[in-house]
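Read the structure below first, then the notes.
Nothing in this text is a laboratory measurement; each read-out follows from the coordinates by a stated rule. Note that the structure is a prediction, hence the values are computed from the model and not measured. FYI the Cβ positions are ideal-geometry reconstructions off the backbone, even for glycines, and counts take in every protein chain you see.
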Amino acid sequence: KKKKRHKNMSSPAEPMPHNINNDNTTKEETDDDDDEEENEISTPAGPIEKLYVQCSTQKFDIPFLTCLLLLESILCAAIIKYISYTEIDWEAYMSEVTMYEEGERNYIHIRGGTGPLVYPAGFLYLYSALKYVAGGDGSDIVMAQILFGVLYVANIGVVLSLYMIVGRRMVDSVDEILTDAPVRMTSNERSHRLVVSHVVWTWRVAMCICCLSKRIHSIFVLRLFNDAPAMFLCYLSMVFFVSNKWRIGCLFYSLGVSIKMNVLLFAPGLLLLLLQSSDNLVETIICLGICAVVQLILGAPFLLTFPVSYLRKAFELDRVFFYEWTVNWKFLPEDIFVSKPLSIGLLLCHIGFLVLFAIKWLRSAKDQTGSYLFLCNNPTNTSTRNKNQLTPEYIIQTMFLSNFIGIVFARTLHYQFYSWYFYSVPFMLMFTLMKRHTKLMVVIMIEFAFNTFPAMAKSSAVLQMAHVTLLSGVLL
């Protein structure tokens, strides 16, 4: 039994969905439990319970996902038809693309209605294609909305697929624990099935929550922000990561960075995963090289002409944000918001929590596998390599947490930045020990803050409380 439990520790810091109490009990207590179970078994299961259990089986996973995607498609179509488009950045995007198409390669001179271009080269290529499809000059807004509606459905499909993969693994884990548990926990087959079904439906509820954000639908379908395609490519890269296809995943990850640099918030977690999943440092360097080559190829027209201008603007780290648009710091006076000490303090907190996160993950890896890094570096023992292979839940949790730490200590958050981490919130909450009502409250608080316009001191304070609560729940 001990040997089998060790085998289940297939990745460092692997999160478990539930705590099962396996304490020893006296014979009298066991007999009492058996009597209670016999009484429970004697009560036949009703039709609702039978349907509840039957629909939780794996064969209904794909139909459930399909239903959610169908409903999302209908909702996006209704939004496009009945809700007015809101112009914010699309015209600025089109102006910047037009200047690029006219031959301008100096990033300082490429400007739109909102100021200089501050996105990497991949953004220009993507929105040049969108401009062509949207009437040739970007004037066909409905066509652009349809494309972003398709993008939204594809994006939520990728995200829900990640949830489904991890959720089913958690269900199998709970099923195995209950099967191997003392007789008092498994003698009642009906209770066993109900517990497993509860886990399935808990994950499906989390998937449904991912489809309920008003702001996320707006960001994709009504605002056409470049955050949407950038995050789609980032989530797509995770699909390859959990499939142990790290090189292909790094390709898509770097493509996401080429559209908007916020995807770099996932980089610390990705670096840790590359170091742990690789056989040696060479494989990690190859994956990092793929990320670098993508940036060099896409940025070549600008790097070969005005390299300093491109690097300064496309990856602008000292960008100054306007106080009026901040969602997370509105409870601070404006003079403090724009102050250098706040910026430095947030940066130090960001780095500090990343270090704390890395230490916790590395210690867990050491305890469970005997190594901090290169966990699969045992080519002569196939069973050991398979045991130490990183699990999907560990990979996704690491990526999400790395990004979320950056969100918590962000210099500012705008409304469209919600798309950077919304889908990770229910996922991370699933691996905390919070009460269910607390988890739900965290989701509601964050959604409330991002749907309060304009942002107020109260909404910003609520947002930060939710962030701190979630970060504490994950790290502690």
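Quote the Stokes-Einstein diffusion coefficient, in whole µm² s⁻¹, for region 65-107, based on the Kirkwood radius over alpha carbon pairs, a temperature of 10 °C and a viscosity of 1.306 mPa s. Mind showing how you got there, number by number?
Working: Rh = 13.3 Å.
Answer, rounded: 119 µm²/s.
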Placing one equal point scatterer on each C-alpha of region 77-151 and summing with Debye, one gets log10 I(q)/I(0) at q = 0.16, 0.19, 0.25, 0.27 Å⁻¹ equal to -0.58, -0.78, -1.17, -1.30
Residues whose built amide H sits under 5 Å from the amide H of Trp329, excluding neighbours closer than 5 in sequence, are Leu413
Once phi for every residue in region 94-111 is put through the Karplus expression 6.51 cos²θ - 1.76 cosθ + 1.60 (θ = phi - 60°), the whole-Hz ³J(HN,Hα) values, with Gly and Pro written as x, are 5, 5, 5, 5, 4, 5, 5, 5, 7, x, 6, 10, 8, 4, 5, 8, 7, 9
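Note down, for the chain, the three equivalent ellipsoid semi-axes (square root of 5 times each alpha carbon gyration tensor eigenvalue), biggest first, whole angstrom. Don't skip to the answer; put the middle values down first.
On the way: eigenvalues 362, 141, 97 Å².
Over the Cα atoms of the chain, the semi-axes work out to 43, 27, 22 Å.
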In whole Hz, the Karplus estimates of ³J(HN,Hα) for region 124-138 (6.51, -1.76, 1.60; θ = phi - 60°; x where Gly or Pro) are 5, 5, 5, 6, 5, 5, 5, 4, 5, 5, 8, x, x, 10, x
Computed ³J(HN,Hα) along region 286-292: with the Karplus parameters 6.51/-1.76/1.60, θ = phi - 60°, integer Hz and x for glycine or proline, the list is 4, 5, 5, x, 4, 4, 5
By the C-alpha gyration tensor axes a ≥ b ≥ c (rounded if a/c is under 1.5, else prolate when a/b exceeds b/c, else oblate), the shape of region 141-273 is oblate
The set of residues whose placed amide H lies less than 5 Å from the amide H of Gly112, leaving out same-chain residues fewer than 5 positions away, is Leu117
Projected onto the charge dipole of the chain (unit charges on the beta-carbon of Lys, Arg, Asp and Glu, signs +1, +1, -1, -1), the Cα from Ile286, Gly473, Leu354 with the largest positive-side position is that of Ile286
